[in-house]
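In what follows, a structure is listed as structure tokens, so that the remarks can point back to it.
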Amino acid sequence: MNPFKESKLKKFQEILESIEDLEYKEWLERNLGTFICRPNTQKKAYLEALEENFDKTSPMPLFKKGEIYFADLAPDKSGKIRPVLIYQNDKLNRAVKLNLYHTILVMPLTSRLLGGDYRVRIEKRDNLVKTSEIVCNALGIVSSDRILFKKGKVTSLTQKEEKEVKKRLNLLFNDV
């Protein structure tokens, strides 16, 4: 094994030893390849974002599927900052917090209310200042450094909204 992979594996083992949740530990071990094969540039971008977006005393929060945060979706251009729905499972989210994984599955929100089969309406509440729609057909992956955790959670989906998102994704992925 090359030295680069050996160092990743060593770091992975160190983190694994600190995990007390046996079910999660087993899941991490089963998915080892996902965590030791990430591109180095992705890790570099993640570490730079940590330095830029967090002070040393502020750890990344343990965010959850169904939560909405602000994200910078066009860092090379205008820096379009908009709310996004975190939609990957909480095991991967926990791996992001542990610095093992660096991408997050998201859906953007828009305040342009157009309706349709692939949008879910979210009324303004908490830190969501405008009634918006989740654009389910714009499902994408962003680097964790693009999520602006320092700004705090915008809001969380209700159970009804979660069911609607699942319904819209079912339409998207199946010939109905």
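Each reported figure results from applying straightforward, stated rules to the coordinates on display, with no laboratory input. Given the structure is predicted, the values throughout are model-derived calculations rather than measurements. Cβ coordinates were reconstructed from backbone atoms using ideal geometry, including for glycine residues, and neighbour counts include every protein chain displayed.
Points to keep in mind about this one:
- Förster radius 35 Å - calculated FRET efficiency between Ile81 and Asp117 (Cβ-Cβ, nearest 0.05): 0.85
- Considering all C-alpha pairs of the range 97-152, those separated by over 15 Å amount to 58%.
- Size-normalised alpha-carbon gyration radius of the range 124-176, reference 2.2 N^0.38 Å: 1.34
- Once the chain from Gln159 to Lys97 is taken as fully extended at 0.36 nm per residue, the excess over their C-alpha distance is 19.9 nm.
- When each of the peptides 93-103, 16-26, 148-158, 121-131 is scored by the mean number of other C-beta atoms lying within 10 Å of its residues, the order from highest to lowest reads 93-103, 148-158, 121-131, 16-26.
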